[in-house]
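Notes for the one structure printed next.
Read-outs: derived from the displayed coordinates by stated rules, not from any lab. Predicted model, so just to flag it, every value in this text is computed and none were measured. Here the Cβ positions follow ideal geometry from the backbone for every residue, glycine too, while neighbour counts run over all protein chains shown.
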Amino acid sequence: QRHLISAADLTRDDAVLILDTAEEMARVADRPIKKLPTLRGRTVVNLFFEDSTRTRISFEAAEKRLSADVINFTAKGSSVSKGESLKDTAQTLEAMGVDAVVIRHGASGAPYRLATSGWIDAAVVNAGDGTHQHPTQALLDAFTVRRRLVGRDTGLGKDLNGRRITLVGDILHSRVARSNVDLLHTLGAEVTLVAPPTLLPVGVETWPCEVSYDLDSTLPKSDAVMLLRVQRERMNAAFFPTEREYSRRYGLDGDRMAKMPDHAVVMHPGPMVRGMEITAEVADSDRCTAVEQVTNGVSIRMAVLYLLLGGNEPAVSHARTTEE
Ligand code: CP
């Protein structure tokens, strides 16, 4: 069985195949009827133990556009609140005949455990685990930056070679940062992390990227700047930077954005805390791709599910839509 657990598991060819397949899926979304029959008769469960808006809804949209049967599960309101384990929850779902499990969990490693434990036969897709990984977020970010900086043509030459991507903020608690560093490096980009020293993880010097504490000197050298939310819910209150302190040194406002090259874009995985890591002026500007990232997330998740579950079917570009 094939799974998607970590961006670090993807080779450059794997990643480019997913990005190229997502371009084909995006063309389906432009059609009057946005559905493909590829996963008809297959069942996908969205197993969310942590809150989500974008990831949960876009996986559901992707599954429905591929004609899969969709089961949505959230821990709140389930028997998890009565103490049921991940194993028993997963096996209950497996007993109902599930082909793929999309899982978000607060514990780093939960999707890996589900994929390798033998508890279930289904394909496992990691939708974010603790502070560890969020591979489909990294893929949709790479898709967005490739479209903006390189263009929409597909092919193995269309990677991010030499593009300079800066990630700013709470690296310590960010599965988005870890996944993006892994994937962007694989795709040939030069990644720089900018963060307060207290929000950098131990061992960051071994990651395939540069580290800086000075946002203002990094901005003019960036093709894309990705802002990360300060994840207060994962922090000891004693280590909270105040909103004012944080935004003064690491927040992106209009004056700072003007230091970026004209072609450079501002990215945010969401949810945004306006006024802290990003001002409303920047968030609402044409240079900010936050909403575009959400749209692209549906195409990426369609591509991932298609490649994991329907990859023996004809290539997506030749697949029939339900309107044909
Ligand atoms: N970017 C992201 O994972 O957002 P959600 O937590 O809303 O899914």
| query | So what does log10 I(q)/I(0) come out to for the range 135-290 at q = 0.13, 0.20 Å⁻¹, using the Debye formula with one equal point on every Cα and no solvent? | reply | -0.54, -1.35
| Total lysine pairs under 18 Å (Cα atoms) in the chain, excluding pairs fewer than 8 apart on one chain | 4
| task | Order by neighbour count: 63, 277, 245, fewest other Cβ atoms within 10 Å first, most last. | result | 245, 277, 63
| task | Please report, to one decimal in angstroms, the Kirkwood hydrodynamic radius of the chain built from all distinct Cα-Cα pairs. | result | 20.2 Å
| At least 24 Å along the helix axis (C-alpha) and Kyte average at least -0.5, DSSP helices within the chain | 12-29, 290-309
| field | Net charge of Cβ neighbours under 15 Å - reference residue 90; Lys, Arg +1; Asp, Glu -1 | value | -3
| field | Positive-end extreme of charge dipole, the range 135-290 - chosen from 174, 194, 213 (charges on Cβ) | value | 174
| message | Placing unit charges on C-beta atoms (Lys and Arg positive, Asp and Glu negative, everything else neutral), compute the dipole magnitude of the chain about its Cα centre in debye, rounded to 20. | response | 380 debye
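Let me make sure I get this right: for the range 34-125, a, b and c are the square roots of the gyration tensor eigenvalues over alpha carbons, sorted descending. Under 1.5 in a/c it's rounded, otherwise prolate if a/b > b/c, else oblate. Which is it?
In terms of gyration-tensor shape, prolate.
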